[in-house]
Amino acid sequence: MEAKTPIIIAQQVDFYYGDFKALNQISMEILPQKVTALIGPSGCGKSTFLRCLNRMNDTIPGTRTTGTILLNGEDINAPHVDLTALRQRVGMVFQKPNPFPQSVYDNIAFGPRVLGLTNNWAELNDIVERSLRQAALWDEVKDHLHGDAMALSLGQQQRLCIARVLAVQPEVILMDEPCSALDPIATEHIENLIANLVENYTIVIVTHNMQQAARVSDYTAFLLMDEDRAGYLVEYGPTTQIFTNPRQKATEDYISGRFG
């Protein structure tokens, strides 16, 4: 690992859906302003672990997490943690674009309004424009800001959802298979966007597409299921090393397509 202080440290994280243990002893350090990819076969806990990082799993009844997840040294599972503030700091982009059935402008303005991040219309307008520019969407929507967000293409909707996350000034952006519903051209837009955003943000992405992981990420974590179907971390390291010189035979087999 590079000599940077990790922004997220996960230590021996177990996660349960009721009695079912879905994650087993996951430990990893996520570095700031890097893209970390989570790869592995379906059902191995990639999305579950991702959702642990901003406590989105808390919305599911009967779930619990043990172990420690630190965000800049703070335990995100501590009783006093404000979930709204946590999810502002650690934003989430989902597999399927999920714009609000409102205007493009109101989608972006929603978070800053709710969180009280602006004092006047001029500041709000600036945030909307800045966020859309950061998401490489401004030029396509600037003349239709008050048009229906649902009328955008799927690829544009996903970039709108990214802009919506950016509007509340997160530290970390979680992306759960953000391109799985998109065509190759829209996928390329998102991948180019990730390359630009990582200059200012930490990004953790779940992807089934190993070529995508190889293209966009700096670090890769490979997860598998144990005999009890709990996800565990097989190997974690720089993406180039994971893809060209993995330390574990299971990683090599998965990367080369021999299983999974």
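The values are calculated or read from the model by the stated rules, or taken from the named source; none is laboratory data. For clarity, every value in this text was computed on a predicted model and none was experimentally measured. Cβ placement follows ideal geometry from the backbone for every residue including glycine, while neighbour counts extend to all protein chains displayed. Heads up: the accessible areas ignore ligands, DNA and RNA and are worked out on the full protein's heavy atoms, side chains in. Shrake-Rupley method; radii C 1.70, N 1.55, O 1.52, S 1.80 Å.
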What number of residues within the stretch 88-106 satisfy the criterion of being open to solvent by less than 50 Å² (accessible area, probe 1.4 Å) and assigned to a loop (DSSP other than H, G, I, E, B)?
2
Kindly list, by first and then second residue, each pair from a residue in the stretch 40-62 that is touching a residue at least 24 places away in the same chain (Cβ under 8 Å) and closer than 13 Å to residue 225 by Cα to a residue that is open to solvent by 10 Å² or more (accessible area, probe 1.4 Å) and part of a loop (DSSP other than H, G, I, E, B), limited to pairs with Cβ atoms under 7 Å and residues at least 6 apart or on different chains.
41/260
Could you please let me know if residue 211 is in contact (Cβ under 8 Å) with a residue 12 or more places away in the chain and out of contact with any strand residue (DSSP E or B) (no Cβ under 6 Å at 6 or more places or on another chain)?
no
Looking at this structure, is residue 42 among the polar types (S, T, N, Q), within 29 Å of residue 196 (Cα to Cα) and at pLDDT below 95?
yes
Search the stretch 13-28 for residues being within 16 Å of residue 51 (Cα to Cα) and among the charged types (D, E, K, R), and hand back the single one that is least open to solvent (accessible area, probe 1.4 Å).
14
Any hit, the stretch 183-206, residues being open to solvent by 40 Å² or more (accessible area, probe 1.4 Å), in contact (Cβ under 8 Å) with a residue 60 or more places away in the chain and more than 22 Å from residue 8 (Cα to Cα)
no
State the number of residues belonging to the stretch 141-173 that are open to solvent by less than 80 Å² (accessible area, probe 1.4 Å) and outside any loop (DSSP other than H, G, I, E, B).
16
Note on the stretch 217-231: residues closer than 15 Å to residue 46 by Cβ, touching a helix residue (DSSP H, G or I) at 6+ places or on another chain (Cβ under 9 Å) and not polar (S, T, N, Q) are 219, 221, 222, 223, 224, 231
Give 109, 85, 78 a once-over and let me know the one that is assigned to a loop (DSSP other than H, G, I, E, B), free of Cβ contacts under 8 Å to residues at least 60 places away in the same chain and of a type in the set (A, V, I, L, M, F, W, C).
78
Somewhere in the stretch 64-72, is a residue in a loop (DSSP other than H, G, I, E, B), of a type outside the set (A, V, I, L, M), closer than 18 Å to residue 9 by Cβ and over 14 Å from the mean Cα position of the chain (by Cα)?
yes
Considering the stretch 115-137, residues that are under 22 Å from the mean Cα position of the chain (by Cα) and not small (Gly, Ala, Ser), and then whichever is nearest to residue 206 (Cα to Cα), we arrive at 134
Scanning the stretch 107-140 for residues that are within 19 Å of residue 193 (Cα to Cα) and charged (D, E, K, R), which turns out surrounded by the fewest Cβ atoms within 10 Å (Cβ to Cβ)?
139
Picking from 224, 233, the residue that is touching a Cys at 6+ places or on another chain (Cβ under 7 Å) and either assigned to a loop (DSSP other than H, G, I, E, B) or closer than 19 Å to residue 52 by Cα (or both) would be 224
